[in-house]
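Below you'll find the structure, written out as structure tokens, and then a few comments.
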Amino acid sequence: MTSIETKSVHTAQMKERTIQPKVMPVYQTSAFAFSSLEELEGYYEGNGTYLYSRTANPNTDALGQTVADLEGAPKGVAASSGTSAILAGILSVVKSGDHILAAEDVYGGTFLLLKEELSLMGIQVHFADFSDISAIEQILIDYPEVKMIFSESITNPFLRVEDMEVLDQLKKHYGLKVMIDNTFATPYTMTPYNNGADLVAHSATKYLGGHSDVTAGVLVGDEELVALAEKRIVNMGFNLSPFEAWLTIRGIKTLALRMKAQTENAQAIANFLNEKTKVWYPGKGAIVSFEVPEAIDVSVFFSSLGWIKIVPTLAGVETTVSYPYGTSHRALSEEEKAKVGVTRRIIRLSAGIEGIEDILEQLGAAFS
Ligand SMILES: *Cc1c(COP(=O)(O)O)cnc(C)c1O
């Protein structure tokens, strides 16, 4: 190589040196190179090499497998967001003409996916109050086309904990698949795959990433179903980028430490708020919802929270609050909001890892 044109393209790759990085590097490459046709054939024979990053990449593979291990599931796959992980999971089970039964209190983005997008694919979705077993069962009797039940392990904003035993019984009786969104609980708190779920989805944007700097999703579960979901992700192109996968894995390394600290803080916050107002805290996880008492102006309360910022997400290391009435449930009509109990006075708090005395002092200041 003599010309600057050639030398600047064929830069030093140092592939002959034995480098052993302590952590997996970012494979920020769109494709992988082969030195011979035999090597290329080897890829198709499944020798574990890589071809093209949309179809597979070491960083995204490592993320899928890491979360599968945490959930106790055989296989996992990463996706571009929690929403696309849920979509891939759905499409691994249902096709045009099939129906889905979903909990009516699912995350707002999931509600839109189910309501607005799946109908375009010929998939009908029924919503039910999942705290009412007879309501669920009536839909399963009326619509034998239902192939899948979808719910969340801990719901938003009132933190109802899904009864996996009931879903498992319905699944067996009606021959269904069950998919659970485990975003709020994380495998630190609950592992739905061990309690009958066939598929478990995560918005890794939340606790798995943990630092509010990635948008990512992961789907884990039954080997065959996850393989089908992986095919949907590859063919439809909602794969995750290597760097986002790398950041998410970095976040997961401290998942247990963060969840321990955040859960302890959430419990202490719930105890503190219980003395002052109505509180929803299921005794697990790090989200606490509460009502601003009638005597306090809601806007003034939000503005009095100082360093506790209003953020329409959750799960970062900082304590934040969100306003379900104006964000996650904004698209619902006044009647729908009233039906699920989301009034202007409901605040959802995501406990961070700060010192609990500082958090309680700041909350106390807002109450006074
Ligand atoms: C945020 C969230 C989602 C959607 O995840 P994205 O990464 O934003 O696509 C799904 N389910 C729950 C419970 C969430 O909190």
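Before moving on, here are some points about what is shown:
- Interchain or long-range residues, amide H under 5 Å from G352's placed H: T319, T320
- Converting phi to 3J(HN,Hα) with the Karplus coefficients 6.51, -1.76 and 1.60 and the offset θ = phi - 60°, region 185-200 yields 7, 6, x, 5, 9, 9, 10, x, 4, 6, 10, x, 6, 7, 9, 10 Hz in sequence order, with x at every glycine or proline.
- Put simply, the Cα atoms of the chain extend 79, 52, 33 Å along their principal axes, the longest span coming first.
- Net charge dipole size for the chain [Lys, Arg +1 and Asp, Glu -1 on Cβ; Debye, nearest 20]: 740
- Between D132 and V9, the contour length at 0.36 nm per residue exceeds the Cα-Cα span by 37.9 nm.
- Within the chain, DSSP assigns beta bridges of which about 55% are antiparallel (rounded to the nearest 5).
- FRET E, pair Q169, T18, Förster distance 51 Å, beta-carbon r, rounded to 0.05: 0.40
- Shown is the FRET efficiency for E116 and D213, computed with R0 = 22 Å from the Cβ-Cβ distance and rounded to the nearest 0.05: 0.20.
- Kyte-Doolittle at least -0.5, axis length at least 24 Å by Cα - qualifying DSSP helices, the chain: 255-274
- Pairs of Lys residues in region 57-252 that lie 8 or more places apart, or on two chains, and have C-alpha atoms under 20 angstrom apart add up to 14.
- Net lengthening on full extension, T254/A31 (0.36 nm per residue, minus Cα-Cα): 77.2 nm
- For the peptides 181-190, 333-342, 246-255, 266-275, the ranking by mean Cβ contacts within 10 Å, running from highest to lowest, is 181-190, 246-255, 266-275, 333-342.
- Rounded to 5, percent antiparallel among DSSP beta bridges of region 23-158: 10
- Amide H partners (placed H, <5 Å) of E152, local residues excluded: D181
- Computing FRET efficiency as 1/(1 + (r/R0)^6) for E336 and E361, where r is the C-beta to C-beta distance and R0 is 45 Å, gives about 0.75.
- Fully extending the segment from Y44 to I296 would add 84.2 nm, taking 0.36 nm per residue of separation and subtracting the current Cα-Cα distance.
- Cα extents for region 57-252 along the principal axes, largest to smallest and rounded to whole angstrom: 46, 33, 28.
- Under a 5 Å amide H cut-off, with hydrogens placed 1.01 Å from N, W280 pairs with S289, F290 among residues at least 5 apart or on other chains.
- In the chain, the DSSP-assigned H stretches of four residues or longer account for a calculated mean residue ellipticity at 222 nm of -11000 deg cm²/dmol, using -39500 (n - 2.57) per stretch and the full residue count as denominator.
Rule-based calculations on the coordinates, nothing more; no lab input. No experiment lies behind these values; they were computed from the predicted model shown. Glycine gets a Cβ as well: all are built from the backbone with ideal geometry, and neighbour counts include every protein chain shown.
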